[in-house]
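The block underneath contains the structure these notes are about, expressed in structure tokens.
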Amino acid sequence: PETEQRARPDVAVTPNGQKLTVLYGSNLGTSENLAREISADAARSGFEVDMAALDDRVGDLDLDAALVVVTSSYNGQPPDNAAEFCSWLRALEPDALNGLSYAVFGCGDRNWSSTFQAIPRLVNAELAEHGARPFTEIGAGDASDDFDGQFRSWYSRMWPDLYEAIGLDPD
């Protein structure tokens, strides 16, 4: 059965010729865990995957790769491993990210209403302001609601939107 083949680590995956960068900003691990899931699914789909903390790619974004960012906010501030990236992003030249296709998913809790999704929205806006184009709508997970359901809903749309944006047949 197909599920047995996916579980076998020795099954070769045919590369699809596309690169995907998956970056996360996370203090408590939720965003990092989601980034790991996205990266693993992408690798199983034949993507060449680069996964890292946001701060690890300051000044080092591969504009030939699609980008997925999963990040949270802490009282409206970036996670510890995303602060430098946010500062770098704000300081970029207007067209510095031309050609980059991206998606953002934000992790948060609406009980912090004044800062809910502040950093995911900031990253989304700054990427667009510097010439990148979103390939799907920004997603938002709320820890005080059905976080997993919200992620799964966004995630199920993200893949077909990504395939369309980069010109790959999803089959």
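Just a few scattered comments:
- Single match in Ser39, Ser45 (criterion: open to solvent by less than 40 Å² (accessible area, probe 1.4 Å) and either closer than 21 Å to Arg157 by Cα or among the acidic types (Asp, Glu) (or both)): Ser39
- Only listed residue being surrounded by fewer than 16 Cβ atoms within 10 Å (Cβ to Cβ), closer than 24 Å to Ser45 by Cβ and modelled with pLDDT of 95 or more, chosen from Gly149, Gly99: Gly149
- Some residue of the range 153-162 being outside any loop (DSSP other than H, G, I, E, B), among the polar types (S, T, N, Q) and farther than 15 Å from Val22 by Cα: yes
- Cβ pairs under 8 Å, 6+ apart, first in the range 78-92 and closer than 9 Å to Gly25 by Cα, second of a type in the set (D, E, K, R) and open to solvent by less than 40 Å² (accessible area, probe 1.4 Å): Asn81/Asp55; Ala82/Asp55; Ala83/Asp55
- Qualifying residue in the range 76-91 (condition: farther than 27 Å from Ser113 by Cβ and within 15 Å of the chain's Cα centre (by Cα)): no
- Filter pass, Asp62 being acidic (Asp, Glu) and either open to solvent by less than 50 Å² (accessible area, probe 1.4 Å) or farther than 29 Å from Asp169 by Cβ (or both): no
- Verdict on Leu28 being open to solvent by 40 Å² or more (accessible area, probe 1.4 Å), among the aliphatic types (A, V, I, L, M), over 23 Å from Pro160 (Cα atoms) and assigned to a loop (DSSP other than H, G, I, E, B): yes
- Condition met for Ser73 (modelled with pLDDT of 95 or more, of a type outside the set (Asp, Glu) and within 21 Å of Ile138 (Cβ to Cβ)): no
- Contact map, the range 133-148: residues that are farther than 30 Å from Asp64 by Cβ paired with residues that are small (Gly, Ala, Ser) and surrounded by 13 or more Cβ atoms within 10 Å (Cβ to Cβ), Cβ distance under 8 Å, separation 6+ or inter-chain. Pairs shown: Asp142/Gly108; Ala143/Gly108; Phe147/Gly141; Asp148/Gly141.
The values are calculated or read from the model by the stated rules, or taken from the named source; none is laboratory data. Bear in mind the structure is a predicted one, so any value in this text is a computation, not a measurement. In this analysis, Cβ positions are derived from the backbone assuming ideal geometry, glycine residues included, and neighbour counts consider all displayed protein chains. Side chains included, ligands, DNA and RNA excluded: accessible areas come from the protein's heavy atoms. Shrake-Rupley method; radii C 1.70, N 1.55, O 1.52, S 1.80 Å.
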